[in-house]
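Below you'll find the structure, written out as structure tokens, and then a few comments.
The values are calculated or read from the model by the stated rules, or taken from the named source; none is laboratory data. Please read all numbers here as calculations on a predicted model, not as lab measurements. All Cβ positions, glycine included, derive from the backbone under ideal geometry; neighbour counts span all protein chains shown. Heavy atoms of the whole protein, side chains included, go into the accessibility calculation; ligands, DNA and RNA do not. Shrake-Rupley method; radii C 1.70, N 1.55, O 1.52, S 1.80 Å.
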Amino acid sequence: MKKFVFVFMVFSMTFLGAQSDWQQKVDYKMNIRMDVNKFGYDADMVFTYYNNSPDVLNKIYFHLYYNAFQPGSAMDERLKNIPDPDPRMTKNLGTKENPVFESRIAKLTPEDIGYQKVNKITQNGQILKTQVRGTILEVELAQALNPGAPAVLHMEWEAQIPQIIRRGGKNTNEGIAFSMTQWYPKAAQYDQEGWHLDEYIAREFYAPFGDFDVKITMPSTYIVGASGKLSNENAMPGYSNTKFKKNSSTTWHFAAKNIHDFAWAADEKFKVDKTNSAHGPTIYYVYDKNLDKEFLDNWQKVQPLTAQFFDFMSERFGTYPWETYTVVQGGDGGMEYGTSTLVTGKRKFESLLGVIYHEVAHSWFQHLFAIDETRDEWMDEGFTTYAEAAAMHHIMGANKDKINPFQDAYDGYYFLVASGNEEPLSLHADYFNYNQAYGLSAYYKGQVYVAQLGYIIGEEKLAETFLKFYDSWKFKHPKPADFQKIAQDVSGINLKWYNNLFINTVRYIDYGVKSVSGNKITLENASNFPMPLDVLVTYTDGSKQLYYIPLNEMRGEKDHENQFYNGIGQTLLTAWDWTTPEYSFEAAKPVQIVEIDYTQRLADVNRTNNVFPSSKP
């Protein structure tokens, strides 16, 4: 009996352990036939869904994103009812001081709306029942999908490409004919929490990994830039010496493995450049050859710097795993996709380089990790903007005059706190009350989370954390707690308190020097957010000493950071309990100056009380 119980326990533990590690996989094999005159296409697809979960699935769900671009859609209603709608998606009928916003979607005519109409889906030759609600397609399977089994569906659909309003569509402001993003029936994510079926209201995405095999047939006068690798590159206009053939069609064949989104753009004015990074992919640049000379020059100038960026990212954050990357002119700003990005092309040099760096960095924190952008958007955008800023600092010398190279993000975060509109980072991206608060939270506070983590565990341990995170979690949909666990393992510091307070609350940090009397220094926590402190003391004789006060909750401490305090000795003090609002210690010699966090990596919302004597009038 005891032996049976033991075997059962081992079996149960093994099963439950495996259950927590599974993820679904999907494959798309598509044939697209474009009607460029009607701005639409019809398509067929062999779709394979691999059920790696322990659950029996009776349904599969897809996103039909084009359906959002119709009057009365959830996206349309959101634009009408949020105080600060996206200006790209609205028209201001009032003034700058007293705006009156009108949804552009509400004014779309029948010729300019978007839709995806699925005409037939079969499984083993049997037509399946379907139901469309907004941007979600529900497909009822003919045969239940058991754990470990695949389901193969054959799908036929047609689509009308909307006037570009957000990310994808026809006829951009820069004259690009087709920006094909969120353009196909895309499988919804199913994970340990079940199906993720968020209505599309212009936020971002969460999807399973899969392989794509996409054939696009359109008039031979068009050149296409897309995700994946072009299998017939040597015979394609723009990519080779092959000439256009009037009154004929060309089939473009792209394929990519282990990505979770596929985008492309097409125009008759496109040209193609091709470069290589030292240790990374072949990089393609697909853009309008008729741009003004200033913009054409910028597209040339960014190419060697983009190659350097891939090398920087691979060294700092893990090797780029795919063969190609394509930068395509299109869309409404910049947006990342599997092995590609669409960016607007009429930009000043710094702007073009910055948007390319940002979208390429997403190849790691979105497309390599497939983070859930709907709920953990700060993790994707924050980590991405951190990497972008680090690269700009390293390659271009950006913010060389600032103690903290990420100061711009800190300033954005401080503005967010002062606005009174801050909501927790853990809030679902769709539900932020203000678009501005969402942007400041995801991009700036998310970046501060990373930079401040470097302050807590040390910059060397942070760099090591990113590389171990890559090794442990690439292609696996990690959550914030997974990154926290890696950082804890690398640093030996407990970080539960930090993740909980910084991600799940809107508490803020405010430490100050309360008093200095002789050698005695008294500090205070004027907020409700505990943090470790680096306190730099300058003695009356001109010498300096760093006093380091860890938090008791950390159950450890960081190493002395020579890159900031080289030649300055460090004294480790007793840990500060978060329940105690004040902390006093005796300096070794008479004190002249006391400064909390000389490096300005501590996100202290009120730095006027961080220095003694105070510079405040």
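Overview of results
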{"item": "Options K229, K269; residue that is at pLDDT 95 or above, open to solvent by 50 Å² or more (accessible area, probe 1.4 Å) and either hydroxyl-bearing (S, T, Y) or under 23 Å from A307 (Cβ atoms) (or both)", "result": "K229"}
{"item": "Criterion: over 19 Å from P237 (Cβ atoms), charged (D, E, K, R), in contact (Cβ under 8 Å) with a residue 24 or more places away in the chain and touching an Asp or Glu at 6+ places or on another chain (Cβ under 7 Å) - qualifying residue of E323, E336", "result": "E336"}
{"item": "Residue list for segment 312-321, restricted to those being under 21 Å from N258 (Cα atoms) and either in contact with a His (Cβ under 9 Å, 6 or more places away or on another chain) or among the charged types (D, E, K, R) (or both)", "result": "S314, T319, Y320"}
{"item": "Condition broken by K38, with the remaining ones in (1) over 30 Å from A256 (Cβ atoms); (2) open to solvent by 70 Å² or more (accessible area, probe 1.4 Å); (3) in contact (Cβ under 8 Å) with a residue 60 or more places away in the chain satisfied", "result": "(1)"}
{"item": "Subset of segment 395-417 (residues that are surrounded by 15 or more Cβ atoms within 10 Å (Cβ to Cβ) and in a helix (DSSP H, G or I))", "result": "I395, M396, Q407, D408, A409, Y410, G412, Y413, Y414, L416, V417"}
{"item": "Any chance G492 is at positive phi and touching a residue at least 40 places away in the same chain (Cβ under 8 Å)", "result": "yes"}
{"item": "Some residue of segment 587-610 being surrounded by 13 or more Cβ atoms within 10 Å (Cβ to Cβ), of a type outside the set (S, T, N, Q) and on the phi > 0 side of the Ramachandran plot", "result": "yes"}
{"item": "Hits in segment 66-90 - residues which are open to solvent by 10 Å² or more (accessible area, probe 1.4 Å) and assigned to a helix (DSSP H, G or I)", "result": "N67, A74, E77, R78, L79, K80, N81, P87, R88"}
{"item": "So A437, is it within 25 Å of R316 (Cα to Cα), in a helix (DSSP H, G or I) and open to solvent by less than 20 Å² (accessible area, probe 1.4 Å)", "result": "no"}
{"item": "Top-ranked residue in segment 523-538 [being open to solvent by 10 Å² or more (accessible area, probe 1.4 Å) and touching a residue at least 24 places away in the same chain (Cβ under 8 Å); ranked as nearest to the chain's Cα centre (by Cα)]", "result": "P530"}
{"item": "Positions within segment 49-70 being of a type outside the set (F, W, Y) and either farther than 26 Å from T344 by Cβ or in contact with a Cys (Cβ under 9 Å, 6 or more places away or on another chain) (or both), in sequence order", "result": "N51, N52, S53, P54, D55, V56, L57, N58, K59, I60"}
{"item": "Among (1) open to solvent by 10 Å² or more (accessible area, probe 1.4 Å); (2) over 30 Å from D84 (Cα atoms), the one test that I223 misses", "result": "(1)"}
{"item": "Residues (assigned to a loop (DSSP other than H, G, I, E, B), surrounded by 13 or more Cβ atoms within 10 Å (Cβ to Cβ) and either modelled with pLDDT under 95 or among the β-branched types (V, I, T) (or both)) located in segment 566-581", "result": "I568"}
{"item": "Top-ranked residue in segment 197-210 [being part of a loop (DSSP other than H, G, I, E, B) and of a type in the set (A, V, I, L, M, F, W, C); ranked as farthest from A256 (Cα to Cα)]", "result": "I201"}
{"item": "Residue check for A263: closer than 27 Å to V302 by Cα, open to solvent by 20 Å² or more (accessible area, probe 1.4 Å), at pLDDT 95 or above and touching a Gly at 6+ places or on another chain (Cβ under 8 Å)", "result": "no"}
{"item": "Pairs, first touching a residue at least 24 places away in the same chain (Cβ under 8 Å) in segment 413-430, second part of a helix (DSSP H, G or I) and of a type in the set (V, I, T), C-beta under 6 Å, six or more apart", "result": "Y413/V448; L425/I503; S426/I503"}
{"item": "Of the criteria (1) modelled with pLDDT under 95; (2) under 20 Å from A603 (Cβ atoms), which one N562 fails", "result": "(2)"}
{"item": "Of all residues making up segment 200-214, the number that are aliphatic (A, V, I, L, M) and at pLDDT below 95", "result": "1"}
{"item": "Residue in segment 582-592 that is part of a loop (DSSP other than H, G, I, E, B) and within 27 Å of D408 (Cα to Cα) present", "result": "no"}
{"item": "Hey, G518 surrounded by fewer than 18 Cβ atoms within 10 Å (Cβ to Cβ), under 19 Å from A487 (Cβ atoms) and touching a residue at least 60 places away in the same chain (Cβ under 8 Å) or not", "result": "no"}
{"item": "Residue ID - most open to solvent (accessible area, probe 1.4 Å), chosen from residues in segment 91-127 that are in a loop (DSSP other than H, G, I, E, B) and within 30 Å of Y49 (Cβ to Cβ)", "result": "N124"}
{"item": "Qualifying residue in segment 464-471 (condition: at pLDDT 95 or above, open to solvent by 40 Å² or more (accessible area, probe 1.4 Å) and either within 29 Å of F432 (Cβ to Cβ) or not charged (D, E, K, R) (or both))", "result": "yes"}
{"item": "Selection from segment 563-613 of residues that are touching a Phe, Trp or Tyr at 6+ places or on another chain (Cβ under 9 Å), β-branched (V, I, T) and under 12 Å from Y511 (Cβ atoms)", "result": "V594, I596, V605"}
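To keep it simple, each residue is scored yes or no on (1) open to solvent by 10 Å² or more (accessible area, probe 1.4 Å); (2) in contact with a Lys or Arg (Cβ under 8 Å, 6 or more places away or on another chain); (3) among the hydrophobic types (A, V, I, L, M, F, W, C).
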site	(1), (2), (3)
N258	yes, no, no
Y287	no, yes, no
D292	yes, yes, no
F295	yes, yes, yes
Q300	yes, no, no
F312	yes, no, yes
G330	no, no, no
